[in-house]
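The values are calculated or read from the model by the stated rules, or taken from the named source; none is laboratory data. Fair warning: this is a prediction, and the values are worked out from it, not measured in the lab. Neighbour counts are summed over all protein chains in view; Cβ atoms, including those assigned to glycine, are modelled from backbone coordinates with ideal geometry.
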Amino acid sequence: MLAHYHVILDILASVRRYHAATVLKKACLEHLALGEILQILHVIVQVKKWFIPCPHGWQPLSFTLKVATDNAGVGIKQQS
C-alpha cells in the first residue's frame, strides 16, 4: 500500500501531464500506450475531478534544440 501512496504523491507533485502519465505507466500500466494513459489521466483530472494538478495547471513540455552551425558530417554540400 505504501508503494501506491508514493505513486499518488509523484503524480500530484508533477507539473507536466507527460510526467504524471509516465509515472502511471511505470507503476501499473506498462501494457498501455502513453497516449492511452494521457487520455485516462484527462478523465481522472477533468471529468471525475479525483485530484487537482499543480495550482498553476499542467505546464507544457519544453524542448531546447541545439542548432548546428556548420554542415560538417551531415552529407549536405553547399554550392558556391
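In the range 30-49, what count of residues is obtained for those that are at pLDDT 90 or above and not in a helix (DSSP H, G or I)?
4
For Ile52, only one of the following conditions fails: (1) of a type in the set (Val, Ile, Thr); (2) at pLDDT below 80; (3) over 15 Å from Ala13 (Cβ atoms). What is its number?
Answer for Ile52: the failing condition is (3).
If you go through the range 9-31, how many residues are surrounded by 13 or more Cβ atoms within 10 Å (Cβ to Cβ), among the charged types (D, E, K, R) and farther than 14 Å from Ile44 by Cα?
Of the residues in the range 9-31, 3 are surrounded by 13 or more Cβ atoms within 10 Å (Cβ to Cβ), among the charged types (D, E, K, R) and farther than 14 Å from Ile44 by Cα.
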